[in-house]
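Take a look at the structure set out below.
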Amino acid sequence: MTIIKPLLLTTLLGLSSLAEAMIAPGHGHAPLAWAGQVELDHSRDKQAAGLTTWDGRLWLGDDRNRLLLRSAGEHRDGRTESAELWALASHNVSTFWDVQAGLRADTAADSEQYAVVGIEGLAPYFFDSELHAFVDRDGNVALRAHQSVDVRVTQKLILQPGLELNAGLQREERSNGDSRLERGLRSSEIGLQLRYELRREFAPYVEWVRERRHGETADGQRAAGEHTGDSSWRLGVMLRF
């Protein structure tokens, strides 16, 4: 994951589980409440040895208006390679969809701040879907789309395929001056997670993740002698509270 799905903390469950936790049957407006979810995993693959990822979310509010706090990132060999902190106001605009706006701060090697707007919800056939746009201080716009779906093998065993795409509308110089992000589709991540819900609140899982760079971003990495993609197996646990 950068994954993010994608909080990993990688493939993510979103609005469907939140709705179960916060909306009482037969009531159109739930009282003030909170709910959260955390995913933690560690790679057992040689290519990504020592890689730990996390993705955590906390919702505060009712079924119409919420504050979403989120943290996601990667830690490898004693060093945090990426870390994102989000704070979004979320407003329900239909039965299964929320619009969101707020801020995101990246606090790892390339520190950046973004304004965020997006939409999150449950698409037809129960696909958990997210689409967010990020605008940095120079006006550069990046996009991230994520989708996942739960396929129940048994009542407790769940298979979850997921996909994340990252793209940019402009070329962006990184703050460290050593690299840049190209225009167009930059990266993708596909994952296949198999988890076992011992309880609704506790579910260990195993996950296969394939990350890949695309387009001009991949060309730049090839020119620098770097790999443009890799796969890894991860063991992790999902916690809900």
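The values are calculated or read from the model by the stated rules, or taken from the named source; none is laboratory data. Please read these numbers as outputs of a predicted model, since none were measured by experiment. So basically every Cβ, Gly included, is an ideal-geometry build from the backbone, and we count neighbours across all protein chains shown.
A few comments on the model shown:
- Number of the condition not met by residue 153 [criteria: (1) in contact with a Leu (Cβ under 6 Å, 6 or more places away or on another chain); (2) over 18 Å from residue 39 (Cα atoms); (3) surrounded by 15 or more Cβ atoms within 10 Å (Cβ to Cβ)]: (3)
- Any pair with Cβ under 6 angstrom, 6 or more apart, that starts in segment 146-174 at a residue that is closer than 18 Å to residue 200 by Cβ and ends at one that is of a type in the set (D, E, K, R) and in a strand (DSSP E or B): 148/128; 158/152; 158/195
- Total residues in segment 117-153, condition modelled with pLDDT of 95 or more, touching an Asp or Glu at 6+ places or on another chain (Cβ under 7 Å) and among the acidic types (Asp, Glu): 2
- Against the list (1) farther than 29 Å from residue 154 by Cα; (2) touching a Pro at 6+ places or on another chain (Cβ under 7 Å), the condition residue 215 fails is (2).
- Some residue of segment 202-217 being among the small types (Gly, Ala, Ser), modelled with pLDDT under 95, buried (at least 17 other Cβ atoms within 10 Å of the Cβ) and at negative phi: no
- Qualifying residue in segment 57-76 (condition: farther than 15 Å from residue 98 by Cβ, under 20 Å from the mean Cα position of the chain (by Cα), among the aliphatic types (A, V, I, L, M) and modelled with pLDDT under 95): no
- Subset of segment 118-141 [of a type in the set (A, V, I, L, M) and either within 12 Å of residue 169 (Cα to Cα) or exposed (fewer than 15 other Cβ atoms within 10 Å of the Cβ) (or both)]: 123, 133, 135, 141
- For segment 211-241, residues that are assigned to a strand (DSSP E or B), in contact with a helix residue (DSSP H, G or I) (Cβ under 9 Å, 6 or more places away or on another chain) and more than 16 Å from residue 167 (Cβ to Cβ) total 7.
- Residue match in segment 225-236 (condition: closer than 26 Å to residue 127 by Cβ, buried (at least 18 other Cβ atoms within 10 Å of the Cβ) and not small (Gly, Ala, Ser)): yes
- Count of residues meeting criterion [in a strand (DSSP E or B) and under 27 Å from residue 124 (Cα atoms)] in segment 88-108: 13
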